[in-house]
Amino acid sequence: MEKAKKITLWVLGIFVAYTIIHSPKRSAELVQIGFEGISDAAKSVGEFMTQLIS
């Protein structure tokens, strides 16, 4: 199981590196979309907690 996990991480790392090298502009867009999603989720949780306290 440990070996499969290690291989999976290596394959994932190689895929990410290839994607960044092959298409850096698209990769940057995907990262930006991901961070915007995380930011929106954090804001929503904050608003929920504020409404819960009020």
Exercise. Run down 53, 20 and say which single residue is surrounded by 10 or more Cβ atoms within 10 Å (Cβ to Cβ) and modelled with pLDDT under 95.
Key: 20
Practice problem: May I ask you to say which residue of 9, 30 is touching a helix residue (DSSP H, G or I) at 6+ places or on another chain (Cβ under 9 Å), assigned to a helix (DSSP H, G or I) and surrounded by 10 or more Cβ atoms within 10 Å (Cβ to Cβ)? | Solution: 30
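The values are calculated or read from the model by the stated rules, or taken from the named source; none is laboratory data. As the structure is a computational prediction, the values presented were derived from the model and not from experiment. Please note: Cβ atoms are built from the backbone with ideal geometry, for glycine as well, and neighbour counts cover all protein chains shown.
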